[in-house]
Amino acid sequence: MPDIFSPIQVKNTNFANRIVMAPMVRFGFPCNEGVMGEKLLQDYLGRADKGIGLMISQALSVSPERPIPGGAGAYAEKHISNLNRIAEACHTSGTKFIAQLSLAGFSFYDVHAEDVNKLSKNDLVTIRNEYIHAAENCMKAGLDGVELHGAHTFFLNEMASSYANNRQDEYGGNLTERLFLAREIIEGIRGIAGESFLISYRMGWGEDLDTDVKTAQELERAGVDLLHVSTGIPQDRKLRLVEGFEHHDAVYTACYIKKHVSIPIIAVNAIRTLDRGNALIEQNCCDFAAYGKPFLADSSFVLHSKGNSGFKPCFECPVCQWFTDSTKCPSQVKIRTHANPLN
């Protein structure tokens, strides 16, 4: 029976364990024209040897026309060098590294965001090519793959959603048609990068579990290698969970989808500790367990959990300090105090 520390192979890629560092923006870690600043670069490099099976970058912009304000990108040759440094550091320590690709400027519940229904067909062809080009840059940087961000109400999530996508051309209509752009992107990346380059998809849930299963199956047929299941549109969705299930609805959705696809599933959202993630894997509910805030709270989360699988570094503050000033994170303060007891 596999556990969270068991190796796993996806296509030609061997993962040392099933622990994933989820993609997370480091607010206050500046970038210049999409190039990671030294503070952000060192943050990634400092996590490369910490026992993580798979590290996924924060969302990287695919478009020079729609950059993430203050964020990192993968759309230009100048972005390749730092991505390569992270990939090489990870590979030296046995960690795999993929980049999450996203298109800024779209969010279903933001009244100031762009509307996917107002994009022309030529706009979508340009966007498709931008995703493919960004993935090619990641391949050149030596990454193990990319993850398409199709969750959290953002661009690809909107394109897939019956709530958001009302287009009357081939990019709108039924579920298969709403996923047409995603399929074009996946096929384009595969054509350039080959079969060994992993394509993950962070899938946002839909209106119900039946839609989720159909979406997952469509993505599997399109050639996705990993499904990273998270929240989507509608933003809040309450499920009737089976008795005794002690995780977030998004984790339940991932576990439900796993029964209906053959590709590996990454579960995420408030899993908190390795023992909780391990239980999900041992029960065959998912193949990987992803963690966000535990890694922000303590970059050595995995190493510190090996002797105590219930270790929970995140204090779960009502307002996470990483959204404003990471130096004020109580866990980080505690770590610095222990490292420098006279300060």
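The values are calculated or read from the model by the stated rules, or taken from the named source; none is laboratory data. The structure displayed is predicted, hence computed values, not measured ones. For neighbour counting, all protein chains shown are included, and Cβ atoms are generated from backbone atoms with ideal geometry for every residue, glycine included. With ligands, DNA and RNA removed, areas are computed over all heavy atoms of the protein, side chains included. Shrake-Rupley method; radii C 1.70, N 1.55, O 1.52, S 1.80 Å.
Taken along its three principal axes, the alpha carbon spread of segment 265-343 comes to 46, 28, 15 Å, from the longest extent down to the shortest. For Lys328, a cut-off of 26 angstrom between C-alpha atoms picks up these lysines, skipping any fewer than 8 places away in its own chain: Lys39, Lys50, Lys293, Lys312. Centroid-to-centroid, using Cα positions, segment 262-280 and segment 195-248 are 13 Å apart. Stretching the chain fully between Glu33 and His338 yields a gain of 106.1 nm (0.36 nm per residue, less the alpha carbon separation). Rounded to whole Å, the principal axis extents of the Cα atoms in segment 191-343 read 58, 43, 32, largest first. The chymotrypsin sites (Phe, Trp or Tyr not before Pro) found in segment 165-268 that occupy coil by DSSP, while having at most 14 further C-beta atoms within 10 Å, are Phe245. Compactness of segment 261-309 was expressed as the Cα radius of gyration divided by 2.2 N^0.38 Å, which yields 1.16. Here the relative contact order of segment 20-138, from alpha carbon pairs under 8 Å that lie six or more residues apart, stands at 29 percent. Which residue, Gln100, Gln332, Gln168, has the most motion in a Gaussian network model of the chain that connects Cα atoms within less than 10 Å? Its mean-square fluctuation being the largest, the pick is Gln168.
When the helices in the chain are scored as -39500 (n - 2.57) per DSSP H run of 4 or longer and the sum is shared across all residues, what 222 nm value do you end up with, to the nearest 500 deg cm²/dmol?
Details: 12 runs with 118 residues, N = 343.
One gets -10000 deg cm²/dmol as the mean residue ellipticity at 222 nm.
By the rule of a C-alpha distance below 12 Å, with chain neighbours fewer than 8 residues away ignored, the aspartates and glutamates paired with Lys334 are Asp298.
Over its Cα atoms, what ratio of radius of gyration to 2.2 N^0.38 Å does segment 138-255 give? Before the final figure, lay out the partial values.
Working: Rg = 14.8 Å, N = 118, 2.2 N^0.38 = 13.5 Å.
Dividing the Cα Rg of segment 138-255 by 2.2 N^0.38 Å gives 1.10.
Which three semi-axes in whole Å describe the equivalent ellipsoid of segment 22-73, each the square root of 5 times a Cα gyration tensor eigenvalue, listed largest first?
Working: eigenvalues 88, 30, 13 Å².
The three semi-axes for segment 22-73 are 21, 12, 8 Å.
Starting from the Kirkwood Rh over alpha-carbon pairs, what translational D in µm² s⁻¹ does segment 50-141 have by Stokes-Einstein at 10 °C and 1.306 mPa s? Estimated diffusion coefficient is 111 µm²/s. Relative to its residue count, segment 5-93 spans a Cα convex hull of 102 Å³ per residue. Summed over the residues of the chain and divided among them, the accessible surface reaches 43 Å² per residue at a probe radius of 1.4 Å.
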